[in-house]
Amino acid sequence: MLDVISQALGLFLSANVLWLSVIGVLIGLVLGVLPGLGGLTALALLLPFVYGMEPMAGLAFLLAAHAVVYTGGALTAIVLGIPGSAPNAATVIDGYPMSRNGRGGEALGAAFAASGLGGLLGMIALVALLPFLQPVVMHIGSPETFLFAVMGIIYVGALGERSMARGLIAGGLGVFLALFGYDRLAGVPRFWLGFDYLLDGVRLIPLVLGLFAIPEVLHLALGGRDTSVNGGRAIGFAPILSGMRETLLRPYLLLKSSLIGVFIGIVPGVGGDTAPFVAYASAKQGARDPKAYGQGVIEGVIAPESSNNAKEGGALVTTLALGIPGSAGMSVLIGGFLLLGLEPGPDFLANHMDLAVGLALVLAFANLIAVAFMIAASPLLLKVANLRPQMLAPVLGVLIVLGAYAYRNDPLDVVATFVIGVLGCAMKTLGYSRPALVLGFVMAPLIETYLHISLQAYGASFLLRPGALLLLGLIIMGLTWGRLQRFFLAAAARYGGNGDAKR
Amino acid sequence: MRSGEIAFLGAVAAFLVGFCALGLFHYDYSLSLMRFPLLAAGFTLLVVAVQLVTLSRSACEVPQGNQRATVLPRGSRFTQVAGLLSVLPLVFLCGFPAGLALYLFGYLKVAGESWTVSLAVAVASLLLSYGLFIQVIGVPLPIWPAWWPA
C-alpha cells in the first residue's frame, strides 16, 4: 500500500495536475454560486475539455470542479436564501435565518470549515476502504461485472428519482442510444441510416451537454431564477473565522454528519440531495433543543455542509471499485473516465490503484483550497451570483457551442447537442432521470460485451453462479424497494408509538 | 403535463420499435447483432407500457420535473427560446468567432443590456474563441462562414 501511496503522490504532485485542480476548483466554485447550476452542469460543461488530456490531469480537473460546487452553493444559500444547487437546500433552513439575524459571516465560516473538513473525511474514508475492496474485486468475473453494470443503471434509475418507472425508461433509452454505430463485437454499423455521422454512434459530449447544460440554459433564459435578490450584506473576516472555530468545537457533529454523507454516498443512486437532509435530521434529533433548529443554529449549517462534501468520497468508492455511480454526478464522471480511455470497475481498481488514491488526494486538496478561495473571494462571488440570468444564459450558450465543437472539431456535434437538448428539456420537465440515461449510455458497451462473454463461457447458467445470484437478489431488491419501503413504513405506523397495533 | 408525458412515452416507444423494425426488416441484421438491442428495447417498452397504464389510472398527475419559469422580463417565451437558438444559424452563417460575438451582442441588447455591456461581452467572446481557442489551444474553429468557398 505504501508503494501505491507514493505512486499516487507522484501522480498528484505533478504541476499539470495541481494547476488543473486549482482551475477546476475556481470553475466549480463560480458554477456553485450560480443558483440552478449544480455539479452536473459543471461536469457537463467541462467534460469536452478533458478529451486528449493525461488521465490523472483530466480526472483531477473534473473531480476538483465537481467536488467543490456545493461549497460555492453554500454562499448563496446562507446570504441570499437561494441554494446554489439542490443539496445546499438543507443549508438554507438555518443558514439564511442566521444571515438575517446578522450572523451571516459566522454561518459562512461554519459552512466553509464543515465543507472542507467533510471533504477531507470523505477522502480518508475512500482511502481506507479501497484496500479492502481491491482483493474482493479481483474475484469478480464477467457475469458479475455484467450484473454490476445492470445494477448500477437500475439503482440510479429506480432509487434516485421519485418515480421508478421514469428512471428505468431513461436508463433503457440510454442503453439503446449507445447501440448506434459500429458494434464492438461484430464490427457492423447499427442503425446508421446511411448518415456518416452516426457511424461513430451518438457521441458522449453532445449527449451530456444536450441533456444537462441546454435545459439549464433555457431555464435561465426563461427567467427561471429569481432576479430580485440583492447583493447581501458585507462579510467580514472576523465572523468567518469565528464560525470556523465554532465548527472545530463540534467534532462529534462534524464526524457523525460526514460519516452519514460517506455512507449515503456509497449507496448507489441514493446520494445527491438526500445526504444533507439526513445529516440535518440526525443533528436535530440528537440536539438538546431541537426546536431551535430552523431559527438559525450553527449546527444546522455544519451538519448538511459536512455531509454534502463527504458524500463525494463515499460515492467515489462504488464508482471506482464497481463502476456503479454513487451519485448522479458520478454517472457523468464515468463518462469522463471513458473519454480518457479508462473503465471504472473491478479491473480499474486492480490495475490503477495509484490513480484511485491520487483522485482521493485531489478530492482532499480541492476541498481545502476551496475553503481558502471562499474566504478570500466571497464578496466577489456574491456579485457573480447576482448576475441577471438573462445575461448568463447566452454566455453559457457560447460555452456549450465551444465545448461541443472542441470535442472532435466537428460542427455536427454542435447541432447534435441542440437536438439532444430537446430531449433533455422534455426529460427535465417531465421528471425523467437524465443521470440514468447517461449511465445507461456509458454502461451499454460494457453490458453488451460482458453479456456476450458470459454467455459464451457459461451459457445461460451464468446467472446461477453464487455471486450472480447475490447480485440478482440485490437487483430485485432495488426494483421492489418502493414496495418494501411502503411495507416497512406501514408496519412501523401500525406497531409504532406506544406499541399497540392499530386496528 | 399528463398528455405531454403520454406523448413523450409514445415518442420513446415509436423510436424503439421503429429502429428495431429497421434493423430486423430493412437492414436484415443477424439475430446475434440484434439480440442486445431487442433486449434493451423490450425491457424499456415493458416499463413504458407499465408507466402508460399507471398514467391512465391516475386521475391527475403532479408534475415531477422542475417548475417552469414564470419570470419573463422582456419578450415572450418564444422570443427567448428563438433568441437562444439563434446561435446555431449565426455560427454557420458568420463563422464561429464572429457568429458567437454577434449572438452575444444581439441577445444581450434584446434582453435590455446597455451598449457598453453588450459590446464588452461580445469582445470578450471574440478573445475567448479566437484568442484562446484558436490561437492558444489550437482548436480549429471555423473562422469563415460554412457557405464560404474553401
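Data table
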| item | result |
| --- | --- |
| Residue in the range B:140-150 that is within 11 Å of chain A (Cβ to nearest Cβ) and farther than 19 Å from residue A:48 by Cα present | yes |
| Subset tally (residues that are within 10 Å of another protein chain (Cβ to nearest Cβ) and in a helix (DSSP H, G or I)) for the range A:420-433 | 8 |
| Residue tally, condition under 18 Å from the mean Cα position of the chain (by Cα), modelled with pLDDT of 85 or more and open to solvent by 10 Å² or more (accessible area, probe 1.4 Å), over the range A:208-223 | 0 |
| Elements of type helices (runs of 4 or more DSSP H) in the range A:1-118, at least 1 residues being surrounded by fewer than 24 Cβ atoms within 10 Å (Cβ to Cβ) and at pLDDT 85 or above | A:2-12, A:15-33, A:55-79, A:89-98 |
| Test: residue in the range A:78-86 that is farther than 29 Å from residue A:436 by Cα and of a type outside the set (Val, Ile, Thr) | yes |
| Complete set of residues in the range B:125-145 that are in contact with a helix residue (DSSP H, G or I) (Cβ under 6 Å, 6 or more places away or on another chain), open to solvent by 70 Å² or more (accessible area, probe 1.4 Å) and without any contact (Cβ under 8 Å) to a residue 12 or more places away in the chain | none |
| Number of positions in the range A:342-351 that are surrounded by 22 or more Cβ atoms within 10 Å (Cβ to Cβ) and touching a residue at least 40 places away in the same chain (Cβ under 8 Å) | 3 |
| Residue match in the range A:179-187 (condition: part of a loop (DSSP other than H, G, I, E, B) and closer than 21 Å to residue A:328 by Cα) | no |
| Criterion violated by residue A:192 - all others in (1) open to solvent by 20 Å² or more (accessible area, probe 1.4 Å); (2) modelled with pLDDT of 90 or more satisfied | (2) |
| Answer from B:83, B:112 - the residue that is at the interface with chain A (Cβ under 9 Å from one of its Cβ atoms) and touching a helix residue (DSSP H, G or I) at 6+ places or on another chain (Cβ under 7 Å) | B:83 |
| Close pairs from the range B:79-105: first closer than 15 Å to residue A:220 by Cα, partner surrounded by fewer than 20 Cβ atoms within 10 Å (Cβ to Cβ) and not β-branched (Val, Ile, Thr), Cβ under 8 Å, at least 6 apart | B:80/B:72; B:83/B:75; B:83/B:106 |
| Scope the range A:119-135; condition in contact (Cβ under 8 Å) with a residue 12 or more places away in the chain and open to solvent by 10 Å² or more (accessible area, probe 1.4 Å); matching residues | A:120, A:121, A:123, A:124, A:125, A:127, A:129, A:131, A:133, A:134 |
| Which numbered condition residue B:119 misses (of (1) open to solvent by 60 Å² or more (accessible area, probe 1.4 Å); (2) out of contact with any Phe, Trp or Tyr (no Cβ under 8 Å at 6 or more places or on another chain); (3) more than 10 Å from every other protein chain (Cβ to nearest Cβ); (4) farther than 18 Å from residue A:214 by Cβ) | (2) |
| Those residues of the range B:138-150 which are under 26 Å from the mean Cα position of the chain (by Cα) and either assigned to a helix (DSSP H, G or I) or not hydrophobic (A, V, I, L, M, F, W, C) (or both), in sequence order | B:140, B:142, B:145 |
| Residue in the range A:392-407 that is within 11 Å of another protein chain (Cβ to nearest Cβ) and either outside any helix (DSSP H, G or I) or under 30 Å from residue B:33 (Cα atoms) (or both) present | yes |
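Listed here are the residues, each with its yes/no results for (1) touching a helix residue (DSSP H, G or I) at 6+ places or on another chain (Cβ under 9 Å); (2) at the interface with chain A (Cβ under 9 Å from one of its Cβ atoms); (3) under 24 Å from residue A:445 (Cβ atoms); (4) open to solvent by less than 50 Å² (accessible area, probe 1.4 Å).
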residue	(1), (2), (3), (4)
B:6	yes, no, no, no
B:14	no, no, no, no
B:19	yes, yes, yes, yes
B:28	no, no, yes, no
B:37	yes, yes, yes, yes
B:40	yes, yes, yes, yes
B:44	yes, yes, yes, yes
B:51	yes, yes, no, yes
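The values are calculated or read from the model by the stated rules, or taken from the named source; none is laboratory data. Since the model is a prediction, treat every value here as computed from it, not as a measurement. Ideal geometry is used to build each Cβ from the backbone, glycine not excepted, and the neighbour counts take in all protein chains shown. These accessible areas exclude ligands, DNA and RNA; they are computed on the full protein's heavy atoms, side chains included. Shrake-Rupley method; radii C 1.70, N 1.55, O 1.52, S 1.80 Å.
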